[in-house]
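To keep things clear, I will list the structure first and then write my remarks on it.
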């Protein structure tokens, strides 16, 4: 029993990301049911929920790895028009390579484990058409440096690196082309708590320095609390609650959110 | 009218060994391959009396193209007189009644394994290259279905990454033979295991090149006057083998691709790889009137 | 007096689903704050003083009522404003000061204090200079400026926190017991900074454990004790 919020009046910029009324079912399982999400430029949108809540499916859709049964997805960028779910495979690949970066929980999904770390970052640039070795090397190094990756390990293959370092390589790869949108799928889950804090700190610093729009998915409220400006709570493929991060954590409205927040505290 | 008048007498085999339908299929696939330069076209790859992997792909193309007036040359690693080359040459001559030659200038059809002759090929000549592995993406993408999708999308980032990795790890591009090359600005192909030395010969060449893999059942082509550009970084130039300053110890010819022949004392001597070119050079040195064609490389340099 | 905030009939309660009950925090509150005015919230423990501040900041969602804020972009009802508008106003016009610092690992004290200025578009080097001035004002020793506040004592952290929260002049400042556990010097610095801001036109609503600390700033007292709801008095608070 709260007040219905108005449409934005002061902030007149368009959201960078808009997902509207997305539904997806696998057989009889409804993975997503009429889910909508927006993110404004420079904003960090957090999505929390337990496993099976549909949060990762939603994120994969934002990375155009999956197509919903119904719904639309737009990015407010020059030369990017219409419902992105309608793009063909080629256009999707180019869009994802140049405008969207992603960091997966499992580095095997995002990295070539036996190639060099710098090569993993360079691949992004190669896909975008960079053909100078010196430029590739310089840009890959810069991206790894921005991700606070130790440069003496530049050419070490990720398979020889610790989990935290692997995530930094993923992050460097994701930001190498200065994407408009950075997607993070449980980026610190499975890392030691101290390593987790450092990776989160790097993310926070990058976000502040570059004002990248981020969508971060996690079941860990601490991660969301550290990074997100706004939070969406998902359960069983639906959004049960959305709001400013501090409001969700301090004054959760929905029974499920209260349970989640109290379980944390 | 009798049945005899309507039919041909029994013959032991079709002209050129392959039956008419097989040749028709290969002709159609060759036309497709020429229409989309560098793009691999699947074909049936019939049985020929030779083991798969020994040039059956090239042989089927040669058998499809030959007619009794075409002069055929077959080379293996540059040599006309190796067992494999001699056998294939003899087989084509037997089943198609074609004259044969070892001189590149006289040949109408050249079937080759791993080399392109040193003398410039003309518009009226066809080069058939035997291909063991037609898929340049295989080292980076073992799943061939995905590899085909990557070709369709011109998604060659991984190929470039492979070169990047080689430079990072070894300081230079390690790829020797089968150097991946972009054909007509669209498809990346393997030029078959020819040395890096030979790849520039395909670029804007006057002749038609057909590449055929019998075991893998793929045909692709480089039509005349088509761009063939080895994948290289803009600031790391393409390098051919360091053979420009080597001299053939038998013919004295210099500035061509050489075979290294190790000696008992640990040193090496070199012998020109294109044996027909070496033979002609020796005959000319010995005072014979021999026509030497124009070569792609001049003084060990490929004119750009 | 230029109005900054008009609160009309504001109510807040909490529904605790797992207990199946409702808690009422405050009901039907109305008052107005003008530019340069300092309003002290008063009331017994649990009367909802902090809850009201958080509701005004929209950390809590109100149940009913209107919070009309006269922003630079025109009046807007904070009770119903879109999240993105609230986020914008928090960056530009509405400040919230608590006694708790949200320190981040590997961010120096001066960088934390300079951050609101940088987000506001002030060049990084100028922001840093002003941040150092603020740290000095609140009595943070110079050798700590480049250190990470995560390792500071509670008192030092709080000084960094205040320096950060008060560095950017804002239109409305919500103060939630900022003086708790401050030493006398820092408290004096805080009061003088608040004075400065007040003189510059910042409207303030505050909850203080010891209102005596800010006695000279108080213009009005709003008593949230249920019997006295809506009672507004001039400065006659029981200090």
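The values are calculated or read from the model by the stated rules, or taken from the named source; none is laboratory data. None of the values given here were measured: they were computed from a predicted structure. So basically every Cβ, Gly included, is an ideal-geometry build from the backbone, and we count neighbours across all protein chains shown.
When you check residue A:125 against the structure, is it over 24 Å from the mean Cα position of the chain (by Cα) and outside the structural domain of residue A:203 (by TED's automatic domain parsing), yes or no?
Answer is no for this residue.
Show me the helices (runs of 4 or more DSSP H) entirely contained within the range A:184-256 in which 2 or more residues are under 13 Å from the mean Cα position of the chain (by Cα) and assigned by TED's automatic domain parsing to the domain that holds residue A:144.
Details: elements: A:193-210, A:221-227, A:245-250.
So the answer is none; nothing clears 2.
Any chance the range B:203-217 includes a residue that's within 13 Å of another protein chain (Cβ to nearest Cβ) and within 30 Å of residue A:134 (Cα to Cα)?
no
Specify which of the listed residues (B:178, B:170, B:234, B:212) is modelled with pLDDT under 95, crowded, with 21+ Cβ neighbours inside 10 Å and either more than 30 Å from residue A:88 (Cα to Cα) or more than 23 Å from the chain's Cα centre (by Cα) (or both).
The conditions single out B:178.
Take the range B:60-70 and flag every residue that is closer than 15 Å to residue B:127 by Cα and either loosely packed, with under 15 Cβ neighbours inside 10 Å or touching a strand residue (DSSP E or B) at 6+ places or on another chain (Cβ under 7 Å) (or both).
B:60, B:61, B:62, B:63, B:65, B:66, B:70 - these are the residues of the range B:60-70 that are closer than 15 Å to residue B:127 by Cα and either loosely packed, with under 15 Cβ neighbours inside 10 Å or touching a strand residue (DSSP E or B) at 6+ places or on another chain (Cβ under 7 Å) (or both).
Scan the range A:137-164 for residues that are in contact (Cβ under 8 Å) with a residue 40 or more places away in the chain and either in a helix (DSSP H, G or I) or touching a strand residue (DSSP E or B) at 6+ places or on another chain (Cβ under 9 Å) (or both) and report the count.
As a first pass, look at the range A:137-164 and keep what is in contact (Cβ under 8 Å) with a residue 40 or more places away in the chain: A:146-148, A:156-159, A:161, A:163.
Now drop any that are not either in a helix (DSSP H, G or I) or touching a strand residue (DSSP E or B) at 6+ places or on another chain (Cβ under 9 Å) (or both), which leaves A:146, A:158-159, A:163.
Selection size over the range A:137-164: 4.
With the requirement that a residue be over 12 Å from residue B:103 (Cβ atoms) and either touching a residue at least 24 places away in the same chain (Cβ under 8 Å) or surrounded by 14 or more Cβ atoms within 10 Å (Cβ to Cβ) (or both), what does the range B:282-304 give you? Explain how you work it out, then say what you get.
Filtering the range B:282-304 for residues over 12 Å from residue B:103 (Cβ atoms) gives B:282, B:284-289, B:294-304.
Answer for the range B:282-304, where residues must be over 12 Å from residue B:103 (Cβ atoms) and either touching a residue at least 24 places away in the same chain (Cβ under 8 Å) or surrounded by 14 or more Cβ atoms within 10 Å (Cβ to Cβ) (or both): B:282, B:284, B:285, B:294, B:295, B:296, B:297, B:298, B:299, B:300, B:301, B:302.
So, in the range A:210-224, of the ones that are within 14 Å of chain C (Cβ to nearest Cβ) and in contact with a strand residue (DSSP E or B) (Cβ under 8 Å, 6 or more places away or on another chain), which residue ends up surrounded by the fewest Cβ atoms within 10 Å (Cβ to Cβ)?
A:213
Residue-by-condition table, conditions (1) out of contact with any strand residue (DSSP E or B) (no Cβ under 7 Å at 6 or more places or on another chain); (2) in contact (Cβ under 8 Å) with a residue 60 or more places away in the chain; (3) surrounded by fewer than 21 Cβ atoms within 10 Å (Cβ to Cβ):
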{"position": "B:54", "(1), (2), (3)": "yes, no, yes"}
{"position": "B:76", "(1), (2), (3)": "no, no, no"}
{"position": "B:93", "(1), (2), (3)": "no, no, yes"}
{"position": "B:140", "(1), (2), (3)": "yes, no, yes"}
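Just checking, how many residues over the range A:236-265 are buried (at least 20 other Cβ atoms within 10 Å of the Cβ), more than 11 Å from chain C (Cβ to nearest Cβ) and within 18 Å of residue A:223 (Cα to Cα)?
Of the residues in that region, 1 qualify.
Kindly provide the set of residues from the range A:179-193 that are on the phi > 0 side of the Ramachandran plot and out of contact with any helix residue (DSSP H, G or I) (no Cβ under 7 Å at 6 or more places or on another chain), ordered by number.
Initially, the range A:179-193 is screened for residues on the phi > 0 side of the Ramachandran plot, giving A:186, A:190.
If the condition is that a residue be on the phi > 0 side of the Ramachandran plot and out of contact with any helix residue (DSSP H, G or I) (no Cβ under 7 Å at 6 or more places or on another chain), then A:186 is the only one that fits.
Can you pull out the strands (runs of 3 or more DSSP E) entirely within the range C:27-144 that have at least 3 residues that are closer than 20 Å to residue C:178 by Cα and away from every other protein chain (no Cβ under 13 Å)?
Where strands (runs of 3 or more DSSP E) fall fully within the range C:27-144 and carry at least 3 residues being closer than 20 Å to residue C:178 by Cα and away from every other protein chain (no Cβ under 13 Å), they are C:38-42.
Consider residue A:147 carefully, then state whether it is surrounded by fewer than 24 Cβ atoms within 10 Å (Cβ to Cβ) and farther than 20 Å from residue B:167 by Cα.
no
Consider residue B:37 carefully, then state whether it is in contact (Cβ under 8 Å) with a residue 24 or more places away in the chain and under 18 Å from the mean Cα position of the chain (by Cα).
Judged against the criteria, residue B:37 is a match.
Give the range C:47-78 a look and list any residue that's in contact with a helix residue (DSSP H, G or I) (Cβ under 8 Å, 6 or more places away or on another chain) and farther than 14 Å from residue A:248 by Cα, or say none.
Those that are in contact with a helix residue (DSSP H, G or I) (Cβ under 8 Å, 6 or more places away or on another chain) and farther than 14 Å from residue A:248 by Cα: C:47, C:67, C:69, C:71, C:72, C:76, C:78.
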